[in-house]
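Contents: one structure, followed by commentary.
The values are calculated or read from the model by the stated rules, or taken from the named source; none is laboratory data. Every value quoted in this text rests on a predicted model; they were computed, and no experiment measured them. With ideal geometry, Cβ positions are generated from the backbone for all residues, glycine too; neighbour counts draw on all protein chains shown. Ligands, DNA and RNA are stripped out before the accessible areas are found, and what is left, the full protein with its side chains, is counted by its heavy atoms. Shrake-Rupley method; radii C 1.70, N 1.55, O 1.52, S 1.80 Å.
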Amino acid sequence: MGSTTENVIIVGVDGSEPSRAALRWALRQAALTGATVRAVVAWEYPAFYSWEGGPMPPDDFQDAAQRNMNDAVDVVAGGADVERAVVHGHSAQALLEAADGAQLLVVGSRGHGGFYRTLLGSVSQRCAVHAKCPVVIVRE
């Protein structure tokens, strides 16, 4: 963990319903503790993306991630102040880096289990194992 701990709650918000549930939980916790909520979304180029004419220009991926996060935060936060960060990289790694020095990391769980999780990995599982701060995993 960083040398100082910020009174901030990092929450992964990709626009999905599990991430909205995580944001709702983080906002309630922040109200109790006086913490700042910082929503983080990560984006990557899809594996099939081709520089010679992929389906979208590179900036569109970042813009789409930003839009998904903003839509979720605007709906869930209801005017509450939420910091927002868009990061290029793998979701779990981006959240782990953002949470270094934070009070808490909150992530939603899509609830995939068994083979699917083994094959693709689980962002919430990686965060729970590797975070340097407490982690809350919120199910819908």
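Among the residues of the range 40-62, count how many are under 21 Å from SER16 (Cβ atoms) and at pLDDT 75 or above.
Summing the residues that are under 21 Å from SER16 (Cβ atoms) and at pLDDT 75 or above in the range 40-62 gives 9.
Kindly indicate which of VAL86, VAL37, VAL107 is closer than 13 Å to ILE10 by Cα, surrounded by 12 or more Cβ atoms within 10 Å (Cβ to Cβ), in contact with a Gly (Cβ under 7 Å, 6 or more places away or on another chain) and modelled with pLDDT of 95 or more.
VAL107
Pairs please, first residue from the range 12-34 and over 13 Å from SER91 (Cβ atoms), second anywhere and open to solvent by 60 Å² or more (accessible area, probe 1.4 Å), Cβ atoms under 7 Å, 6+ apart in sequence or on different chains.
Here the result reads GLU17/GLU140; ALA21/GLU140; GLY34/ASN7, each pair linking the range 12-34 to a residue that is open to solvent by 60 Å² or more (accessible area, probe 1.4 Å).
Just one of ALA80, ALA65, ALA31 is on the phi < 0 side of the Ramachandran plot and modelled with pLDDT of 95 or more; which is it?
Testing whether each residue is on the phi < 0 side of the Ramachandran plot and modelled with pLDDT of 95 or more leaves just ALA31.
Condition test on ALA128, is it surrounded by 14 or more Cβ atoms within 10 Å (Cβ to Cβ) and modelled with pLDDT under 95?
yes
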